[in-house]
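The structure appears below as structure tokens.
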Amino acid sequence: MKRVNCSIVLYRTPADEVTKVVTMLRQCSEVGEIWLIDNSELMTERFQFMDVQYIHGHGNIGYGRGHNIALQKSLESEVDYHLVLNSDIAFSEGTIEKLIKFMDEHENVGHVMPKVLNPDGSDQFLAKRLPKPWDLIYRRLTLSQRCALSFDGMNDGGNGFDVEYLSGCFMMLRNDTLRKLKEKDGYVFDPRFFLYPEDMDLTRRMHTIGRTVYLPSVEITHYHRKESYKSLKMMCVHSWNMIKYFWKWR
């Protein structure tokens, strides 16, 4: 039986980018269903002929709510794990198998994230402490990728570190833990967040019922676009959703 389902949320995403990541996923024999949740206005016909479940027509409902569509279907299956990932991710053969092996060996882990690298091989520092409002203001003003929130220089020897904020670009999640979380809260990703803090919120909630682990012995590459640093509109979206996040956790 397949061990892990996957979901990718799209919005006007280049078809070639999607094809590359789906090809990488299909190289892993453990991967079952792959859902492409397309929030774009127009359907991409090419996706309908790929070895995926292509879902379109629901409108631009946001990142977390898009993944919730696939997660609902995944949680109704008997598959052990669910991988939430971005389309701009690259990883080598055996990466998913290593994460599955780690979670098989650590049954109290509900969520694991590998080390995330830039295309030049440098660290993106995506394992972080929970931020305060002034932390994000400082980061925005200084345009610093690395900040006091980031964990640095951690070499775990393959055991992993418990971290309360893991990036949503690549989230290996245990379905049994997600079922408990959904029973408790009524949702997996909080549908109130359109974009940006939904990964922080999910990790923080999962951290209360299981381990959320950063595993730097496994690596992936993320071609991060940083849209909120380039677009005034996306910066406003980011800021408004962070206000909602801090209000929720006040």
Open item on the list: Between Ser217 and Arg129, what's the calculated FRET efficiency when r is the beta-carbon distance and R0 is 30 Å? Round to 0.05.
Closed with: 0.90
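Over all directions, average the projected area of the Cα convex hull of the chain and note it in nm². Numbers along the way, then the final one.
Values: hull surface 51.6 nm².
Mean shadow area of the hull around the Cα atoms is 12.9 nm².
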TODO: Counting helices only, and only those DSSP H runs with n ≥ 4, report the 222 nm mean residue ellipticity of the chain as the sum of -39,500 (n - 2.57) divided by its residues, in deg cm²/dmol to the nearest 500.
DONE: -10500 deg cm²/dmol
TODO: Figure the gain on full extension for Ile209 and Tyr11 (residue separation times 0.36 nm, minus the Cα-Cα span) and round it to one decimal in nm.
DONE: 68.1 nm
Open item on the list: Can you compute the modelled spin-label distance between Glu164 and Lys244, with each label point 7 Å from Cα toward Cβ, in nm?
Closed with: 2.3 nm
Open item on the list: Just to be sure I understand: with springs between alpha-carbon atoms less than 10 Å apart, which residue in Pro131, Pro216, Pro114 has the highest mean-square fluctuation in the Gaussian network model of the chain?
Closed with: Pro131
Task: Modelled label reach - Glu97, point 7 Å along Cα→Cβ, the range 70-91 residues with backbone N closer than 19 Å - done: 80-83, 90-91
TODO: May I ask you to give the percent of accessible area on the range 164-213 that is carbon plus sulfur, with a probe radius of 1.4 Å?
DONE: 50 percent
- [ ] State in Å² the accessible area per residue of the chain; use a 1.4 Å probe, count heavy atoms of protein chains only, and round to the nearest integer.
- [x] 48 Å²
Open item on the list: What distance in nm lies between label points placed 7 Å from Cα along the C-beta direction at Ser122 and Met235?
Closed with: 2.1 nm
Open item on the list: Once you place label points 7 Å from the Cα toward the Cβ at Glu76 and Ala90, how far apart are they in nm?
Closed with: 3.7 nm
- [ ] Give the carbon-plus-sulfur fraction of the accessible surface of the range 1-122 in %, rounded to a whole number; probe 1.4 Å, heavy atoms of protein chains only.
- [x] 47 percent
TODO: Can you tell me the relative contact order of the chain? Whole percent, Cα pairs under 8 Å, sequence separation 6 or more.
DONE: 23 percent
TODO: Output the direction-averaged projected area (hull surface divided by four) of the convex hull of the alpha-carbon atoms of the range 54-95, in nm².
DONE: 4.2 nm²
TODO: Could you compute the FRET efficiency for Lys180 and Glu41, with r as their C-beta to C-beta distance and R0 at 45 Å, rounded to 0.05?
DONE: 0.80
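The values are calculated or read from the model by the stated rules, or taken from the named source; none is laboratory data. Every value quoted in this text rests on a predicted model; they were computed, and no experiment measured them. Positions of Cβ are backbone-derived with ideal geometry, glycine not excepted, and every protein chain shown enters the neighbour counts. Surface accessibility is based on the protein's heavy atoms, side chains included, excluding ligands, DNA and RNA. Shrake-Rupley method; radii C 1.70, N 1.55, O 1.52, S 1.80 Å.
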